[in-house]
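The values are calculated or read from the model by the stated rules, or taken from the named source; none is laboratory data. Predicted model only: the values in this text are computed from it and were never measured. Every residue, glycine among them, receives a Cβ derived from its backbone with ideal geometry; neighbour counts consider all protein chains shown.
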Amino acid sequence: MLLSPLPMHIPDGFLSVVVSVFFWLISIGGIGFALRKVNQVIGEREVPLMGVLAAAIFAGQMLNFTVTGGTSGHLMGAALATIIVGPWAAILVMTSVVSIQALVFQDGGLLVLGANIFNMGILGVVLSAMVMQFIRKIFQNRKKYLLGGSFIAGWLSIFIASLAAGLELAISGTSPVQIAVPAMAGIHALIGIGEGLITLGAVLFLYINRPDLVTHPNEAKNANSGIVVAGVILTVLLAVLSPLASSHPDGLEWVAETAAFLNFAKESTYQIIPDYLLPGLHNEAVATIFAGLIGAVIVFGVIFVMMNQRKKQLPQRETDFE
Amino acid sequence: MSNSQPLNPYIQLESPAHRLDSRIKLSLVFVYILTINLIPHAVWVVFPILFSVNLSLAVVSGIGIKKLLKRSLWVLPFVIAVFPLLFSIRGNTWFEITLLGFSFTASWEGLERLLSIVLKAWFSIQAAIILVSTTKFEGILKGLRWMKIPKLLVAVIGLMWRYLFVLVAEAKRLLVARSSRSSDLPDFHSGGSMIWRAQVTGYMAGNLLLRSIERSDRVYMAMLSRGYDGEVRMDNDRVLSRKEIHILLIGILICVCLFVLSLYFGGAF
C-alpha cells in the first residue's frame, strides 16, 4: 500500500510523546491561522477546488520516473499546491492529503500526524511561498520567475522538510543525530531534485495550456511579508541548526534529555533498573515475560469467550434491534 | 503500482467492532495509540498484552489475524532508521564488529531500545488498521467533526475522499499511457535523459492537476445547482447513548490501567 514512497511519513512509535504533542500544537496553530486567512480571502468556489486538488495531489504522488538503478523520482506536491492556490489554501490542501494518508492508508502515524503535517504541509508550503516571493523580486520575466521559482521551491520544500523530520527523530531518541540528519538530508537533497523537476514540468504544462491558472495566481493573496519572514526564519533555523546538531550531538542530547525529563516514564525506568535486560539473561526477566504472557492469554481468552457468547446471541439481537 | 490492492481499506462485515459508533472508535484508537507510545521502553511484560489485545480485536472485528499481520508488516522498512541505535547507545557489550577499519560495538541497551521502538510502531499501526478496516470513511469524518476539527477542513477532507478514487484512476491512466508510448527493445533502451523523463512526468502531473481543476469547476456548478451558498453544512449527529459513553470510559480506563501497569513493571514505583 506504499502509495507515496517518500521516506518522510514518520510512523507512530518513532517520535516521543512530548515531541508529538509539541508538533501537534504548532500544526494546530498553523492550520487555524490558515483557516482564518482562507475564510477572509477565498470565495465559495475554492472549497470544491481545494478538495479536488488535494485528491489530485494524492494521486499525483503515484506518478514517478526512473532516475537510475531502481530509484525513482516522486512528487510531494507542497510547492505545486502553493503555486496554484496560494499558501493559505495550500496548507489546508496538504493537511488534507497528509491526514488521509495517515487516517486511511497508515502512511504515517496518527499520534505523529501533527509532526507530519508540520513537515510536509506547513513547512513545505511556507518555504515554497517564500521562494516564490523572492524569485518574483529577482526576475521580472513571468515565465522565468515561474519556472525558476517552481524548481527551487520544490527542491527546498523537500530538503528542509527532511531536515525537520531528521531532527524530530533525533530529539525523540529514535535515531542518533549524527546519522539521522545527514542521512535524511543526503537522500532528500537528491529526491528534492526530482520534486523540483516534476514541479517545474507541471507548472510549464499549466503555463502553456492554461496560463490564467498560474499567472494571475492570487498574487495579492501571496503578497504577505509575514510568510517570507517565517520562511526565512525556519530555513535558517533548520539549515543552520541541523548541521550544528549533527556535529555536536551533545547539544541535541541535552534537548532530548530535557524532553525525556518531562516524559518521566521513559528515562526513569532506564535509570532505576539499569540491568533490566533481555529475556533469557536474568530469571527476573523470564518471570516477567511469563507474567506478560499469562496476562495476554487471559485477555485473549476473555475476549474470545465474549465473542462466542455474542455469536450465539446474534440471531436474537436482530429481532430486538431498536 | 498497487493495482491488485483495492484502494479502500474498509472491509464490509458485521461485527461488534463495525457496529460501535465511529466517534467512540476514533477516540479510543487515539487514546490506545497514545498509551502504546507512553509505555516506557523495554517493559517487556506489557508487550505481549498489547499484542494479544490487537489480535483479539482482529478476531472480534472479523478482519482475521493473518490479514492484520500481513497489512501491518510494512512498518518494517522503517527499522533502518532505528537500526543505528544498536551501535550508538552505550551499555553492556553484545558483540563487536569491524568494518572498513572502524569497530562498532552493539550494546544490549541499544537492542532493547531498537526492539521497543519497532514493536510500538508495529502495535500502533495494527490499531490504526483495525480502525480503518471497521469504519467507513463517512464514520471517520463524523469522528473528526465530533473532535471539533473545523468544519471547513472536514469539508475539504470529505471532498478529497469523494474524488480520490476518480483521480487515482486518472493517474493510473496517465501511467498506462506513458508505458504504452515507451516500449523497450531488449538491446535498445528508449527514452531520453533523466531530465527528459522528469519533464514527461511533470507534464503528466500538470495534466492531472488541470483535469482536477476543470473537474472542480463542474463539481462547483453541481453544488450550486443543488443550493450551495458557500456555507458548509453538516448533518447533526445523533447524541451518544449512555451505553456508548460507558464503552468509551471503560476503554480509557483500560488504557490507563495498562499505562500504570507498565510503570509498575518498569520500576517507576
I'm told B:Gly158 meets every condition in (1) under 30 Å from A:Asn39 (Cα atoms); (2) modelled with pLDDT under 90 except one. Can you identify the failing condition by its number? (2)
Conditions (1) crowded, with 22+ Cβ neighbours inside 10 Å; (2) in contact (Cβ under 8 Å) with a residue 40 or more places away in the chain; (3) away from chain B (no Cβ under 14 Å): number failed by A:Gly196: (3)
Failed condition for A:Val97, given (1) under 21 Å from A:Phe33 (Cα atoms); (2) away from every other protein chain (no Cβ under 14 Å): (2)
The lone exception for A:Phe105 - which of (1) facing another protein chain (nearest Cβ under 9 Å); (2) among the aromatic types (Phe, Trp, Tyr); (3) buried (at least 24 other Cβ atoms within 10 Å of the Cβ) it fails: (3)
Filter region B:167-212 down to residues that are touching an Asp or Glu at 6+ places or on another chain (Cβ under 9 Å) and assigned to a helix (DSSP H, G or I) and give me whichever is nearest to A:Gly201 (Cα to Cα). B:Asn207
Quick one: count up the residues across region B:51-70 that are buried (at least 20 other Cβ atoms within 10 Å of the Cβ) and more than 7 Å from chain A (Cβ to nearest Cβ). 6
Test: residue in region B:131-152 that is touching a residue at least 60 places away in the same chain (Cβ under 8 Å), within 8 Å of chain A (Cβ to nearest Cβ) and β-branched (Val, Ile, Thr): yes
When you go through A:Gly154, A:Gly173, A:Gly148, A:Gly186 one by one, which is the residue that is away from every other protein chain (no Cβ under 14 Å) and over 17 Å from A:Phe118 (Cβ atoms)? A:Gly148
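Rundown of residues vs (1) under 30 Å from B:Leu167 (Cβ atoms); (2) at the interface with another protein chain (Cβ under 8 Å from one of its Cβ atoms); (3) touching a helix residue (DSSP H, G or I) at 6+ places or on another chain (Cβ under 6 Å); (4) in a helix (DSSP H, G or I), yes/no style:
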residue: B:His18; (1), (2), (3), (4): yes, no, yes, yes
residue: B:Arg23; (1), (2), (3), (4): yes, no, yes, yes
residue: B:Ile36; (1), (2), (3), (4): no, yes, yes, yes
residue: B:Ile49; (1), (2), (3), (4): no, yes, yes, yes
residue: B:Leu73; (1), (2), (3), (4): yes, no, no, yes
residue: B:Ile80; (1), (2), (3), (4): no, no, no, yes
From the residues in region B:6-16 that are touching a residue at least 60 places away in the same chain (Cβ under 8 Å) and at the interface with chain A (Cβ under 10 Å from one of its Cβ atoms), which one is farthest from B:Val132 (Cα to Cα)? B:Ser15
Filter result for A:Thr82 (touching a residue at least 60 places away in the same chain (Cβ under 8 Å), more than 11 Å from chain B (Cβ to nearest Cβ) and within 18 Å of the chain's Cα centre (by Cα)): yes
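Per-residue answers, yes or no, for (1) within 7 Å of chain A (Cβ to nearest Cβ); (2) under 27 Å from the mean Cα position of the chain (by Cα); (3) closer than 30 Å to B:Val46 by Cα:
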{"residue": "B:Arg211", "(1), (2), (3)": "no, no, no"}
{"residue": "B:Ala222", "(1), (2), (3)": "no, no, no"}
{"residue": "B:Arg226", "(1), (2), (3)": "no, no, no"}
{"residue": "B:Gly230", "(1), (2), (3)": "yes, no, no"}
{"residue": "B:Ile252", "(1), (2), (3)": "no, yes, yes"}
{"residue": "B:Phe259", "(1), (2), (3)": "no, yes, yes"}
Just the residues that are surrounded by 21 or more Cβ atoms within 10 Å (Cβ to Cβ), touching a Phe, Trp or Tyr at 6+ places or on another chain (Cβ under 9 Å), within 11 Å of chain B (Cβ to nearest Cβ) and of a type outside the set (Gly, Ala, Ser), please, taken from region A:6-40. A:Ile10, A:Pro11, A:Asp12, A:Phe14, A:Leu15, A:Val38
Right, B:Val75: over 22 Å from B:Ile254 (Cβ atoms) and in the same structural domain as B:Ala127 (by TED's automatic domain parsing) or not? yes
A:Pro243: part of a helix (DSSP H, G or I) and either modelled with pLDDT of 75 or more or under 17 Å from A:Asn119 (Cβ atoms) (or both), yes or no? no
So which of A:Tyr270, A:Tyr276 ends up being outside any helix (DSSP H, G or I), modelled with pLDDT under 80 and at the interface with another protein chain (Cβ under 8 Å from one of its Cβ atoms)? A:Tyr276
Collect the residues in region A:205-216 that are at the interface with chain B (Cβ under 7 Å from one of its Cβ atoms), surrounded by 15 or more Cβ atoms within 10 Å (Cβ to Cβ) and either under 18 Å from B:Leu174 (Cα atoms) or hydroxyl-bearing (Ser, Thr, Tyr) (or both), keeping them in residue-number order. A:Phe205, A:Leu206
